[in-house]
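Each remark here refers to the structure printed beneath this line.
The values are calculated or read from the model by the stated rules, or taken from the named source; none is laboratory data. In this text, all values refer to a predicted model and were calculated from it rather than measured experimentally. Cβ: placed from backbone, ideal geometry, glycine included. Neighbour counts: every protein chain shown. Side chains included, ligands, DNA and RNA excluded: accessible areas come from the protein's heavy atoms. Shrake-Rupley method; radii C 1.70, N 1.55, O 1.52, S 1.80 Å.
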Amino acid sequence: MRFKPPPPNSKIGWRVEFRPTEVQLTDFENAAFTVFIVLMTRVILSFNLNFLIHISKVDENMKTAQVRDAVRQGKFYFRKDLLSGTSPQMAADCIKRCGAKCDAKKCDNDKKYNVEDEYTMMTVDEIINGKGNEFPGLVPLIDKYLDNVECDVDTRCTISQYLKLIKMRASGELMTMARWIREFVANHPSYKQNSVVNDDITYDLICKCDNISRGLEDCDELIPLYNTRSQDDLPPALTKYYNALSTNGKTNG
């Protein structure tokens, strides 16, 4: 994410822009990351949370993220006290229900603290899924937010499946795309352990990705089992309704 400056001659102020993630192999994965980001924005706005850390720490996080298998092995600077001076009591209650501490000292808006004490180093698993009583975790915060809003059962079940993917990728139970590609190449019969990815490996990798993307092949290492109520075709009743609208439109015209 980055600060987005206001356009010239406009009343629009400074904005925080979430940068898009890489396109995943399947619609399910793309939907999962999109829903996760959207829900995080709702959590931040509803609870007035503060995720700011020094830009120098962001730069260090970027360097760590570029190391192989950083999801499982790396540690990243992340703010540990998310409450801001305008956070409602509901935010503190949600953090407590997630299992993290929110004592009077940390929730006192009038007290000044050393900036270095505002963040700590955590793994991606701890950031996403929580770190005991030290940090609530982003997914648990989303769950508590959904508890406080009106959300029908079907929608909640679908969102839960999306969040399950995020949680399992963060914990290492599921591979990231980068790790999956590395292991595919390393275990390919044509690979000679010489860092050369020949045409045979490339072709087989592309075919494998295409099959997974089109739903012709499962990949348990990347995607958990999930159910969906979505269908490729419109229900008959809805099709009949649209046809009726189209017919009436032509008649009236």
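The set of residues in region 35-80 that are under 17 Å from E17 (Cα atoms), open to solvent by less than 50 Å² (accessible area, probe 1.4 Å) and under 16 Å from the mean Cα position of the chain (by Cα) comprises V35, F36, L39, M40, T41, V43, I44.
Within region 2-33, count every residue that is within 30 Å of I206 (Cα to Cα) and either part of a loop (DSSP other than H, G, I, E, B) or open to solvent by 80 Å² or more (accessible area, probe 1.4 Å) (or both). Don't jump to the end; show me each part of the working.
First, pick out the residues of region 2-33 that are within 30 Å of I206 (Cα to Cα): 18-33.
Subset that is either part of a loop (DSSP other than H, G, I, E, B) or open to solvent by 80 Å² or more (accessible area, probe 1.4 Å) (or both): 18-27.
Adding up the residues that qualify gives 10.
Any idea which residue in region 160-191 is nearest to the chain's Cα centre (by Cα), counting only those that are part of a loop (DSSP other than H, G, I, E, B) and surrounded by fewer than 16 Cβ atoms within 10 Å (Cβ to Cβ)?
Taking region 160-191 and keeping what is part of a loop (DSSP other than H, G, I, E, B), we get 172-176, 187-191.
Next, only the ones that are surrounded by fewer than 16 Cβ atoms within 10 Å (Cβ to Cβ) stay: 173, 187, 189-190.
Details: E173: 16, N187: 29, P189: 34, S190: 35 Å.
Once the filter is applied, the top-ranked residue is E173.
Contact map, region 131-155: residues that are among the hydrophobic types (A, V, I, L, M, F, W, C) paired with residues that are part of a loop (DSSP other than H, G, I, E, B) and open to solvent by less than 30 Å² (accessible area, probe 1.4 Å), Cβ distance under 6 Å, separation 6+ or inter-chain. Pairs shown: F135/A100. In the set (1) open to solvent by 30 Å² or more (accessible area, probe 1.4 Å); (2) more than 25 Å from the chain's Cα centre (by Cα); (3) modelled with pLDDT of 90 or more, D233 fails one condition alone, (3). For region 192-223, the set of residues classified as assigned to a loop (DSSP other than H, G, I, E, B), open to solvent by less than 80 Å² (accessible area, probe 1.4 Å) and either of a type in the set (G, A, S) or under 26 Å from E173 (Cβ atoms) (or both) consists of G215, E217, C219, L222, I223, listed by residue number.
Here are some residues: F76, F3, F36. Which one is touching a Phe, Trp or Tyr at 6+ places or on another chain (Cβ under 8 Å), of a type in the set (F, W, Y) and modelled with pLDDT of 85 or more? Show your work before the answer.
On the way: F76 fails: touching a Phe, Trp or Tyr at 6+ places or on another chain (Cβ under 8 Å); F3 fails: modelled with pLDDT of 85 or more.
Sole residue among the options that is touching a Phe, Trp or Tyr at 6+ places or on another chain (Cβ under 8 Å), of a type in the set (F, W, Y) and modelled with pLDDT of 85 or more: F36.
Among the residues of region 34-67, those that are touching a helix residue (DSSP H, G or I) at 6+ places or on another chain (Cβ under 9 Å), farther than 30 Å from E150 by Cβ, free of Cβ contacts under 8 Å to residues at least 40 places away in the same chain and not in a helix (DSSP H, G or I) comprise L52, V67. With respect to the conditions (1) of a type in the set (A, V, I, L, M, F, W, C); (2) farther than 19 Å from T34 by Cα; (3) in contact with a helix residue (DSSP H, G or I) (Cβ under 7 Å, 6 or more places away or on another chain), I223 falls short on a single one, namely (2).
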